[in-house]
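The structure under discussion appears below in the form of structure tokens.
The values are calculated or read from the model by the stated rules, or taken from the named source; none is laboratory data. Everything quoted here is computed from the prediction, not taken from an experiment. Every residue, glycine as well, gets a Cβ built from its backbone with ideal geometry; the counts of neighbours run over all protein chains shown. Areas reflect the complete protein model, heavy atoms only, side chains present, ligands, DNA and RNA absent. Shrake-Rupley method; radii C 1.70, N 1.55, O 1.52, S 1.80 Å.
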Amino acid sequence: SIRQAALRAAAYRKAWRDEYRIRLPNATLRWIRCELSPAQDAAVAGTTTYTGTWQDVTLLKEASARLREVTDNIPVAVFQYHYSGMGSPVFLFVSRVIEVISGIPAEQVVARADALFDLIHREDRERFDASLAEASAMRERWAIDFRLTHHRSAQIVWVHAEAQGTPLPDGGLSW
């Protein structure tokens, strides 16, 4: 339960974060994000003092659910990808259709972008990387046709990718 997880974090003086639903007195359900951070030193009685926040994230959850519903019902993979040219690439969002195309669930692609990039056919990988780097440097629309090796079936899948980059504060692009 939420309470037990928070108490476990307190017992080990660890930060804790979770999201859960609450029912208001008028019977409405709301999503709450709770974040707790322990103070560096124990209080006089040896207890842990926490600083925390509760944030109503109901609108974010509802918007996310609508986006997921829309993207799950079109036959293309929709994504948001952060590319800086340095460091690890990150998928911030990938629709579930990516699993049909690649054999890898969207959650795994978001957790580790290279799970998807490792499937790019070895003869296309250099061209793929150069194309993305050039479009990033020129701040141009990116489009490419390339092959993936499906993770489960090992079949070759031709993919057409297309995206427009949006500049980010760190100098990178969100595609």
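Residues being closer than 30 Å to residue 159 by Cβ and either touching a Gly at 6+ places or on another chain (Cβ under 8 Å) or basic (Lys, Arg) (or both): count how many of those fall in the range 31-77.
At the first step, the residues of the range 31-77 found to be closer than 30 Å to residue 159 by Cβ are 63-77.
Those still in the list that are either touching a Gly at 6+ places or on another chain (Cβ under 8 Å) or basic (Lys, Arg) (or both) too: 66, 68.
Total satisfying the criteria: 2.
Between a first residue in the range 160-175 that is within 26 Å of residue 102 (Cα to Cα) and a second residue that is open to solvent by less than 50 Å² (accessible area, probe 1.4 Å) and aliphatic (A, V, I, L, M), which pairs have beta carbons less than 6 Å apart while being 6 or more apart in sequence or on different chains?
Here the result reads 161/144; 165/173; 175/163, each pair linking the range 160-175 to a residue that is open to solvent by less than 50 Å² (accessible area, probe 1.4 Å) and aliphatic (A, V, I, L, M).
Checking the structure you have, find out if any residue of the range 143-154 is within 20 Å of residue 71 (Cβ to Cβ), open to solvent by less than 90 Å² (accessible area, probe 1.4 Å), touching a residue at least 12 places away in the same chain (Cβ under 8 Å) and over 21 Å from the mean Cα position of the chain (by Cα).
yes
Being in a helix (DSSP H, G or I), without any contact (Cβ under 8 Å) to a residue 12 or more places away in the chain and either basic (Lys, Arg) or surrounded by fewer than 17 Cβ atoms within 10 Å (Cβ to Cβ) (or both) narrows it down to one of 99, 126, so name that one.
The unique qualifying residue is 126.
Can you tell me how many residues within the range 139-175 are modelled with pLDDT of 95 or more, assigned to a loop (DSSP other than H, G, I, E, B) and on the phi < 0 side of the Ramachandran plot?
Qualifying residue count, the range 139-175: 5.
If I filter the range 155-175 down to residues being small (Gly, Ala, Ser) and surrounded by 13 or more Cβ atoms within 10 Å (Cβ to Cβ), which single residue comes out as nearest to residue 119 (Cα to Cα)?
Across the range 155-175, the extreme among qualifying residues is 161.
Being outside any strand (DSSP E or B), of a type outside the set (Gly, Ala, Ser) and either open to solvent by 60 Å² or more (accessible area, probe 1.4 Å) or in contact with a strand residue (DSSP E or B) (Cβ under 7 Å, 6 or more places away or on another chain) (or both): is that true of residue 107 here? First the steps, then the outcome.
Values: outside any strand (DSSP E or B): yes; of a type outside the set (Gly, Ala, Ser): yes; either open to solvent by 60 Å² or more (accessible area, probe 1.4 Å) or in contact with a strand residue (DSSP E or B) (Cβ under 7 Å, 6 or more places away or on another chain) (or both): yes.
Yes.
Among the residues in the range 55-74, are any open to solvent by 50 Å² or more (accessible area, probe 1.4 Å) and modelled with pLDDT of 90 or more?
yes
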